[in-house]
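Engineer: Structure incoming, see below.
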Amino acid sequence: MSIVVYGIPNCDTVKKARAWLAEHGVEHRFHDFKKDGVPAERLDAWLAAAGWETLVNRKGTTWRKLAPATQAGVHDAASAKALLLEQASVIKRPVVEWPAKTTVGFDPAQWALLARG
């Protein structure tokens with residue numbers, strides 16, 4: 001299985017993550033949420049691996065722009081999944097599928113261990 005990085009190309013964290021991978025010679029494929037959408041078949045695996053609380057980025061601009069009722073409606077994995085499919089920008093980025101694990105966010109120390117295999 002190859003490494004897949006999911007995110008939005010203009011996101012600063014995704015830029016840092018992709019630069020780190022390139023600097024460390026880690027081959028990967030990039031999946032652009034804006035162009036290719038959120039892969040619904042992968043979202044369940046991410047929710048199982050990371051939990052909906054981790055996957056929903058409550059600090060981002062998109063979340064803050066949501067109506068309070070919409071925000072309040074996100075209270076479990078099912079409601080989070082519905083929102084994440086509709087609003088890809090609410091997903092904390094990047095989501096990375098490593099051969100043995102799925103990570104959310106950019107953590108160079110953790111990535112160094114995962115990149116070694």
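Coordinate-derived values only; no laboratory data. No experiment lies behind these values; they were computed from the predicted model shown. Reconstructed Cβ throughout: ideal geometry from the backbone, glycine too, with neighbour counts over all protein chains shown.
Engineer: Please check which bits of region 76-117 a label hung off Asp12 would reach, taking the label as a point 7 Å along Cα-to-C-beta and the cut-off as backbone N under 17 Å.
Structural biologist: Counting backbone N atoms under 17 Å from the label point, the list is 92-94, 105-108.
Engineer: Suppose the chain between Glu27 and Ala82 were pulled fully straight at 0.36 nm per residue; how much longer would it get relative to their current alpha carbon spacing? Please list the in-between numbers first.
Structural biologist: Details: separation 55, 0.36 × 55 = 19.80 nm, distance 3.13 nm.
Here the segment from Glu27 to Ala82 would lengthen by 16.7 nm.
Engineer: Counting pairs of alpha carbon atoms under 8 Å apart in space and at least six apart in sequence, what relative contact order in percent does the chain give?
Structural biologist: On the way: 137 pairs, mean separation 41.8, N = 117.
Worked out over the chain, it gives 36 percent.
Engineer: Something else about it: Counting only other residues whose beta carbon sits under 14 Å from that of Trp46, what net charge do I get with K and R as +1, D and E as -1? Show your work: numbers first, answer last.
Structural biologist: On the way: positive: Arg42, Lys81, Lys92, Arg93, Lys101; negative: Glu41, Asp44, Glu53, Glu97.
Summing Lys/Arg as +1 and Asp/Glu as -1 gives +1.
Engineer: Quick one: which residues, 5 or more positions from His31 or on another chain, have an amide H under 5 Å from its amide H? H modelled 1.01 Å from N in the peptide plane, none for Pro or chain starts.
Structural biologist: Under 5 Å from the amide H of His31 lie the amide H atoms of Val5, Tyr6, Gly7, each far enough along the sequence or on another chain.
Engineer: Could I ask something else about it? Taking the DSSP beta bridges in the chain as the whole, what percent of them are antiparallel, to the nearest 5?
Structural biologist: 65 percent
Engineer: May I ask for the angle, rounded to the nearest 10°, between helix 77-86 and the longest principal axis of the chain, with both axes built from Cα atoms and the value confined to 0 to 90°?
Structural biologist: 80 degrees
Engineer: Using the Kirkwood radius over C-alpha pairs as Rh, can you work out the diffusion coefficient of the chain via Stokes-Einstein at 10 °C, viscosity 1.306 mPa s, in µm² per second?
Structural biologist: 109 µm²/s
Engineer: For region 25-117, how many pairs of lysine residues have a Cα-Cα distance under 21 Å, where the two are 8 or more positions apart or belong to different chains?
Structural biologist: Close lysine pairs found across region 25-117: 13.
Engineer: Using the Karplus curve 6.51 cos²θ - 1.76 cosθ + 1.60 with θ = phi - 60°, work out ³J(HN,Hα) for each residue of region 104-117 in order, rounded to whole Hz, and write x for Gly and Pro.
Structural biologist: 10, x, 10, 9, x, 5, 5, 5, 4, 5, 5, 5, 6, x
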